[in-house]
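Peer 1: My questions will all concern the structure given below.
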Amino acid sequence: MPTLAPTPKDTVYGEGTARLYRFRRPNDRPAGSHLPLLIVPSLINRWYILDLREGATLAGSLNHSYDTWLYDWGIPEDEDRYQSWERVLDKLARAIRRVKAATGAPKVGLLGYCMGGTLCGIQAALEPDSIAALINLAGPFDFEKGGMLRTMVDPRWFDPNAIADAGNVQPHQMQSGFVALRPTLQLGKWVGYTGIMHDPAAKEAFTALDTWANDNTPFPGEAYRTYIKELYQENRLVKGEHWVKGQRVDLGRIHCPVLSIVAHKDNICPPEAAMGLNHNVGTKDREVLTVKGGHVSAVVGDTAKETLYPAIGRWLAPRLSYGKQPVALA
């Protein structure tokens, strides 16, 4: 069994089952040269996909250059069925304040993956003065372009209230939707395994990813209700009609540098869904980086270490450096 989440870290703060981690500074990282970076995973997947194993850890790679933090949403309990979308964003806001307080930094960089990217974009619009740079890693914004997942939850045949009224949405309920996108995925996975079972490195990579893929968490019922109805079904975010705590979420208020990363074979967050962020922000410093792979393989696949991780590091370098000006992504 490979070692999962191998990057050394400390738990700085806890709230319910959620945890805020700070990765320990490696010997090769200069002190105090950059603003801190907070990584935000999806609400419904375990965080360690971003620190999966040696050689496939986005967090570990970035931690060599940046004071890197990560927010673990935790595993919702039955009583968390009433946790609203607004409360989820409250948790993210508190995590950002904790990072700022601990480091003394006036701003932080945000990197959100999947639904974490969507949440980071909303938070950056609500409190833009706290964010130095925003990276959306395969997170949807224009949900009308959400592909088959959007079709599955079309209001003509899908009622999110019927799901949320029963409590937290369980992992097997959500997984059934993802399986429907690629019905032969499980069969193909095990057929492919026969070709690598005698390769220790490939077998370790397979086992780590398969462990994570089967380690999903429930989706708090109230938050799910809002996410599906207001974002997926009504596309309120890019329409400027999404409200949080009495405040309209105006993506045009985002004036920090923005990078959207899209995977060319992503059927969970199609590229156009993610680029809805860039089409609506107020900053001129906005870029799109297209990488090979699907929604998950782009982040932990064979080429991520050589392509994705260095590209993110290069983009962040001038944007999180004290007193330096942004440059274009090379």
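The values are calculated or read from the model by the stated rules, or taken from the named source; none is laboratory data. What you are looking at is a predicted structure, and each value in this text was computed from that prediction instead of being measured. All Cβ positions, even for glycine, are placed from backbone atoms using ideal geometry, and neighbour counts span all protein chains on display.
Peer 1: Condition first: in a strand (DSSP E or B) and within 16 Å of the chain's Cα centre (by Cα). Can you find one or more residues in region 262-279 that meet it?
Peer 2: Yes, that holds for at least one residue.
Peer 1: Next question. Got a number for residues in region 1-41 being of a type in the set (Ser, Thr, Tyr) and under 17 Å from the mean Cα position of the chain (by Cα)? Write out each step before concluding.
Peer 2: Taking region 1-41 as the starting set, the residues that turn out to be of a type in the set (Ser, Thr, Tyr) are 3, 7, 11, 13, 17, 21, 33.
So of that shortlist, the ones also under 17 Å from the mean Cα position of the chain (by Cα) come out as 21.
Total satisfying the criteria: 1.
Peer 1: List, please: which pairs have Cβ atoms under 6 Å, are six or more places apart or on different chains, and start with a residue in region 95-115 that is within 17 Å of Gly32 (Cα to Cα) and end with one that is part of a helix (DSSP H, G or I)?
Peer 2: Note: pairs meeting the criteria are Lys107/Ser130; Val108/Ile96; Val108/Val99; Gly109/Leu320.
Peer 1: Go through Lys145, Lys91, Lys107 for me and flag whichever is farther than 26 Å from Ala273 by Cα and modelled with pLDDT of 95 or more.
Peer 2: Every option except Lys107 fails the conditions.
Peer 1: Which ones in region 108-136 are among the hydroxyl-bearing types (Ser, Thr, Tyr), buried (at least 23 other Cβ atoms within 10 Å of the Cβ) and closer than 28 Å to Ala31 by Cβ?
Peer 2: Selection gives Tyr113 alone.
Peer 1: So which of Leu70, Leu43, Leu38 is assigned to a loop (DSSP other than H, G, I, E, B), touching a Phe, Trp or Tyr at 6+ places or on another chain (Cβ under 6 Å) and either without any contact (Cβ under 8 Å) to a residue 12 or more places away in the chain or buried (at least 18 other Cβ atoms within 10 Å of the Cβ) (or both)?
Peer 2: Leu43
Peer 1: Across region 49-67, what is the number of residues that are surrounded by fewer than 20 Cβ atoms within 10 Å (Cβ to Cβ) and either in a strand (DSSP E or B) or in contact with a Ser or Thr (Cβ under 8 Å, 6 or more places away or on another chain) (or both)?
Peer 2: Qualifying residue count, region 49-67: 1.
Peer 1: Tell me which helices (runs of 4 or more DSSP H) are completely within region 166-250 and hold 1 or more residues being modelled with pLDDT under 90, surrounded by 14 or more Cβ atoms within 10 Å (Cβ to Cβ) and of a type outside the set (A, V, I, L, M), or say none if there are none.
Peer 2: Of the helices (runs of 4 or more DSSP H) lying wholly inside region 166-250, those with at least 1 residues that are modelled with pLDDT under 90, surrounded by 14 or more Cβ atoms within 10 Å (Cβ to Cβ) and of a type outside the set (A, V, I, L, M) span 171-181, 185-193, 200-213.
Peer 1: Could you please find all residues in region 25-35 being outside any strand (DSSP E or B) and either loosely packed, with under 12 Cβ neighbours inside 10 Å or not charged (D, E, K, R) (or both)?
Peer 2: Correct list: Pro26, Asn27, Asp28, Pro30, Ala31, Gly32, Ser33, Leu35.
Peer 1: In addition: Which pairs do you get when a residue that is on the phi < 0 side of the Ramachandran plot and among the acidic types (Asp, Glu), found in region 1-27, comes within reach of a residue that is part of a strand (DSSP E or B) and crowded, with 18+ Cβ neighbours inside 10 Å, reach meaning Cβ atoms under 9 angstrom, with the pair 6+ apart or on two chains?
Peer 2: Asp10/Tyr21; Asp10/Arg22; Asp10/Phe23
Peer 1: Being touching a Pro at 6+ places or on another chain (Cβ under 9 Å) and either surrounded by fewer than 16 Cβ atoms within 10 Å (Cβ to Cβ) or hydroxyl-bearing (Ser, Thr, Tyr) (or both) is the filter here; which residues of region 254-274 pass it?
Peer 2: His255, Ser260, His264
Peer 1: Further, regarding this structure: Would you check if there is a residue in region 225-239 being over 20 Å from the mean Cα position of the chain (by Cα) and under 13 Å from Val88 (Cβ atoms)?
Peer 2: No; the residues of region 225-239 include none that is over 20 Å from the mean Cα position of the chain (by Cα) and under 13 Å from Val88 (Cβ atoms).
Peer 1: From Gly293, Gly282, which residue is touching a residue at least 12 places away in the same chain (Cβ under 8 Å), over 24 Å from Pro155 (Cβ atoms) and either out of contact with any strand residue (DSSP E or B) (no Cβ under 7 Å at 6 or more places or on another chain) or part of a strand (DSSP E or B) (or both)? I'd like the intermediate steps shown before the answer.
Peer 2: On the way: Gly293 fails: either out of contact with any strand residue (DSSP E or B) (no Cβ under 7 Å at 6 or more places or on another chain) or part of a strand (DSSP E or B) (or both).
Of the residues listed, the single one that is touching a residue at least 12 places away in the same chain (Cβ under 8 Å), over 24 Å from Pro155 (Cβ atoms) and either out of contact with any strand residue (DSSP E or B) (no Cβ under 7 Å at 6 or more places or on another chain) or part of a strand (DSSP E or B) (or both) is Gly282.
Peer 1: What number goes with the only condition from (1) in contact with a helix residue (DSSP H, G or I) (Cβ under 7 Å, 6 or more places away or on another chain); (2) surrounded by fewer than 21 Cβ atoms within 10 Å (Cβ to Cβ); (3) among the hydrophobic types (A, V, I, L, M, F, W, C); (4) not in a helix (DSSP H, G or I) that Ala105 does not pass?
Peer 2: If we test Ala105 against (1) in contact with a helix residue (DSSP H, G or I) (Cβ under 7 Å, 6 or more places away or on another chain); (2) surrounded by fewer than 21 Cβ atoms within 10 Å (Cβ to Cβ); (3) among the hydrophobic types (A, V, I, L, M, F, W, C); (4) not in a helix (DSSP H, G or I), just (1) comes out false.
Condition check ((1) surrounded by 19 or more Cβ atoms within 10 Å (Cβ to Cβ); (2) modelled with pLDDT of 95 or more; (3) closer than 30 Å to Arg53 by Cβ) across all residues:
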site	(1), (2), (3)
Gly276	yes, yes, no
Lys284	no, yes, no
Ser297	no, no, yes
Gly301	yes, no, yes
Ala317	no, yes, yes
Leu329	no, no, yes
